[in-house]
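The values are calculated or read from the model by the stated rules, or taken from the named source; none is laboratory data. Since the model is a prediction, treat every value here as computed from it, not as a measurement. Cβ atoms come from the backbone with ideal geometry, glycine included; neighbour counts cover every protein chain shown.
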Amino acid sequence: MNRVLGSIESGGKGPLIACVAGLHGNEQVGIEAFNRVFNKLQDHKIDFKGSLLGLAGNKKAIALNQRSIDYDLNRSWTKEKFEALKANHGLALAEDNELIELKHCLDDFFMAENPLKILIDLHATSSENGNFIVIPEDEFTHPVVKSLHQPVVVNLDRYVSGTMLSYYHKQEIVSFAFEGGLIGSPEALQLHEAGIWEILKAAGAIEAHDQPWEDHYREVLKGFNDGFPHSVKVYYRHPVEEQEDFKMKPGYANFQGINKGDHLADTIYGPLYSPMDGMIFLPLYQKEGSDGFFIVREV
Ligand SMILES: [Zn+2]
């Protein structure tokens, strides 16, 4: 697989829009979604203002269809890590080259002085109702994010460090994770494809009247949002230790209401009960991952 899934450079001062898919190698739906949009843009010769870049995330993990190999590629975007790699303390682990290459491609792409720069990080989840946007709090009302009509999680970056979106947010690039839903589901593909179209339109890269399927994608997005909160804040995270044998109780979906004292999971240390009322968020239903679950509340 090539790192670059597709690129358009039209010059001028239109938006710079980068799409990364498969930063977690088992979440591959974003790759297909980007390819669909990109091919349609080409086939229909749609006029594009600005630049578009699609990148494959963790290529080695994608080939093995696993989340990561040596470390999580979405928890490693830190100054310390890049300094270590520069000093050549790295390059021994599977993700080192992936991280260096991705950073190089994105830094290069965002170098131009265009007024609007957007980084979309496409993910999927191991639990149901996994369609939402993760964005730092100061950007959560951005029109591009609003155009997606999905629940917005506004402060996850304070609980999870080293994400790609936090790294580029600090460089004044509108950066957000777009979670499409359950890994491998046709709905996630549909949602990601519809979402990328709406982002291109909201950012001003394409004109609405240039795409005959305009209303269709907006309706698809709205259809996925039925009954979900508009925006939520994270209040609690359960970090998973490697040896604790974390097992989420079955049946929890994102944004499902929970009460203080509910039995949420089990570990070798015993049962885990909810420390507060709220909604469950990102319950872990796969072996890999360092976040057991979060608790969120509507804002
Ligand atoms: Zn992910």
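Miscellaneous remarks
- Every residue from the range 10-40 that is away from the ligand (no atom under 16 Å from the Cβ) and at pLDDT 95 or above: Pro15, Leu16, Ile17, Ala18, Asn35, Arg36, Val37, Phe38, Asn39
- Residues of the range 271-299 satisfying the condition of being without any contact (Cβ under 8 Å) to a residue 24 or more places away in the chain and hydroxyl-bearing (Ser, Thr, Tyr): Tyr273, Ser274
The rows are residues; the columns are (1) buried (at least 21 other Cβ atoms within 10 Å of the Cβ); (2) among the polar types (S, T, N, Q); (3) within 15 Å of the ligand (Cβ to nearest atom).
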| site | (1), (2), (3) |
| --- | --- |
| Ala124 | yes, no, yes |
| Ser127 | yes, yes, yes |
| Asn131 | yes, yes, yes |
| Glu137 | no, no, no |
| Met164 | yes, no, yes |
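- Test: Glu207 is of a type in the set (Asp, Glu), at pLDDT 90 or above and under 21 Å from Glu9 (Cα atoms): no
- Flag if Asp226 is within 21 Å of Pro151 (Cβ to Cβ), not small (Gly, Ala, Ser) and not in a strand (DSSP E or B): yes
- Residue list for the range 229-253, filter: aliphatic (A, V, I, L, M) and either farther than 24 Å from Asp72 by Cβ or in a strand (DSSP E or B) (or both): Val232, Val234, Met248
- The lone criterion from (1) in contact (Cβ under 8 Å) with a residue 24 or more places away in the chain; (2) surrounded by fewer than 16 Cβ atoms within 10 Å (Cβ to Cβ); (3) farther than 18 Å from Val20 by Cβ left unmet by Lys45 is number (1).
- Filtered by the rule that a residue be more than 30 Å from Pro186 (Cβ to Cβ), part of a loop (DSSP other than H, G, I, E, B) and not acidic (Asp, Glu), the range 112-127 gives Ala112, Asn114, Pro115, Leu116.
- Of the strands (runs of 3 or more DSSP E) entirely within the range 1-111, none holds at least 3 residues that are closer than 22 Å to Gly204 by Cβ, in the same structural domain as Ala205 (by TED's automatic domain parsing) and charged (D, E, K, R).
- Per the conditions (1) away from the ligand (no atom under 16 Å from the Cβ); (2) in contact with a strand residue (DSSP E or B) (Cβ under 9 Å, 6 or more places away or on another chain); (3) of a type outside the set (Gly, Ala, Ser), the sole criterion not satisfied by Ile100 is (2).
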